[in-house]
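Structure first, commentary second.
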Amino acid sequence: MSKPIVAIVGRPNVGKSTLFNAIAGETISIVKDTPGVTRDRIYADCHWLDMNFTLIDTGGIEPDTNDVILAQMREQAETAIATADVIIFIVDVHQGLVDSDFRVADMLRKSRKPVVLAVNKVDSFKKYGNDVYEFYNLGIGDPMPVSASSRLGLGDLLDEVAKHFGAEQLEDEEDDDRPRVAIVGKPNVGKSSIVNKLAGENRVIVSDIAGTTRDAVDTSVVYQGTEYIFIDTAGLRRKSKIKEDLERYSIIRAVAAVERADVVIVVIDASEGITEQDAKIAGIAHERGKGIIVAVNKWDAIEKNDKTIYEFTKKVRNTLSFMQYAEIVFISAVTGQRLNKLFETIDMVRENQTLRVQTGVLNEIITEAAAMQQPPSDKGKRLKIYYTTQVAVKPPTFVLFVNDKSLMHFSYTRYLENRIRESFGFRGTALKFIARERTGKDGK
């Protein structure tokens, strides 16, 4: 089930980053009293009551500005609005209602998205209560008093936000068992061209201008009797040549698409090679435990010898060292080379995502692994693994009952993961491990 996306928008310097940090529960955004400090959107996975959602922090919207940075931030905020399911529109009770607030409210009305109006910096309702009512003039709903810095009113605000999450839509998506495949990557690597070739028609606008895809587009493709839903992520909303901007836009688009997908295809430009930005985008899918395929596009444009594929694969593996399990396919959207291989790989990855390992067999492998390489110890105390069981799929998730989970070092978890992969493959999917403590004799 995909998580709803909530975007915090407003003019510069009204407290967006402070509110973001208060809801996310940790300091992620830089907070400063200078408008324009939050240059890029930053996202966090958040939890409220029994609901999970993704929160996006945006650069401030300055509706009429010639300032290049502020104009770029406005573009980013517009992208966030297009991506979001619910918008928190934040205003400042100290500054009062200003013209720019009306312009932002107009922009939000046009988006037709649910908007929750948060009036920030209300540390005392007794003192500022009448000032809060002034914001009814925006005509965008009931103003909710909050103080992000003092964490006041956040519960009521989140309750209001959660009302707009649309349970029916989420349930529909959960009941839909068609494979959902997100195509992500930097702008202009050929994402739309791949979808068009797979669909056999021009469903998505393709252009050499990075960012001509404005919003995520779902395309249905039937291959050998199975219907696949391809989610093509948008690049940019503007013809920007500033590399940093390209990165910011593509990251947030990827988050939105990855949330809705089972399998993620990370598209890389063969002529450019793999970059750190590709790794960042792939990391979004990895963190969320999705199935991952790396599609090296424009392979037809590369001069090749008998070692080219081997060398390119090695570079991809080095840059994506945190996800060695990813499948790699070399394709060309222009010629159609190996595009059919994508469907086979998607099916294989989905099968591995839902693979279940019998508990008896799993414990044999873990016991054998522990005998081959002794578990770590600290101050004379050694890690003991009493019992292991698989508790979930998508991604396959394993719980290890141990004597002391602080001894369960990352490197040893990686070692056990490698042993499990040697036995069962799990190609193309992340694996998740949870250590739980059992105390007493024999861990009972």
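The values are calculated or read from the model by the stated rules, or taken from the named source; none is laboratory data. What you are looking at is a predicted structure, and each value in this text was computed from that prediction instead of being measured. Cβ: placed from backbone, ideal geometry, glycine included. Neighbour counts: every protein chain shown. Protein only, heavy atoms only, side chains kept; ligands, DNA and RNA dropped before computing areas. Shrake-Rupley method; radii C 1.70, N 1.55, O 1.52, S 1.80 Å.
Residues that are of a type outside the set (A, V, I, L, M, F, W, C), surrounded by 12 or more Cβ atoms within 10 Å (Cβ to Cβ), at pLDDT below 80 and over 18 Å from GLY291 (Cβ atoms) do not occur anywhere in region 171-178. Pairs meeting the criteria (first residue in region 282-295 and more than 14 Å from LYS186 (Cβ to Cβ), second residue among the basic types (Lys, Arg) and assigned to a strand (DSSP E or B), beta carbons under 9 Å, at least 6 apart or on different chains) are GLY289/LYS432.
Go through region 401-412 and give me each residue that's outside any loop (DSSP other than H, G, I, E, B) and surrounded by fewer than 16 Cβ atoms within 10 Å (Cβ to Cβ). Can you show your working first?
At the first step, the residues of region 401-412 found to be outside any loop (DSSP other than H, G, I, E, B) are 401-402, 405-407, 410-412.
Answer for region 401-412, where residues must be outside any loop (DSSP other than H, G, I, E, B) and surrounded by fewer than 16 Cβ atoms within 10 Å (Cβ to Cβ): LYS405, SER406, PHE410, SER411.
Just to be sure I understand, how many residues within region 282-308 are at pLDDT below 95, among the aliphatic types (A, V, I, L, M) and farther than 25 Å from ALA392 by Cβ? Adding up the residues that qualify gives 2.
Do we have LEU97 as touching an Asp or Glu at 6+ places or on another chain (Cβ under 8 Å), open to solvent by less than 40 Å² (accessible area, probe 1.4 Å) and farther than 23 Å from ASN21 by Cα here? First the steps, then the outcome.
Values: touching an Asp or Glu at 6+ places or on another chain (Cβ under 8 Å): yes; open to solvent by less than 40 Å² (accessible area, probe 1.4 Å): yes; farther than 23 Å from ASN21 by Cα: yes.
Criteria met by LEU97.
If you scan region 283-332, which residues turn out to be open to solvent by 40 Å² or more (accessible area, probe 1.4 Å), closer than 23 Å to ASN352 by Cα and either basic (Lys, Arg) or touching a helix residue (DSSP H, G or I) at 6+ places or on another chain (Cβ under 8 Å) (or both)? Within region 283-332, HIS286, ARG317, PHE322, GLN324 meet the criteria.
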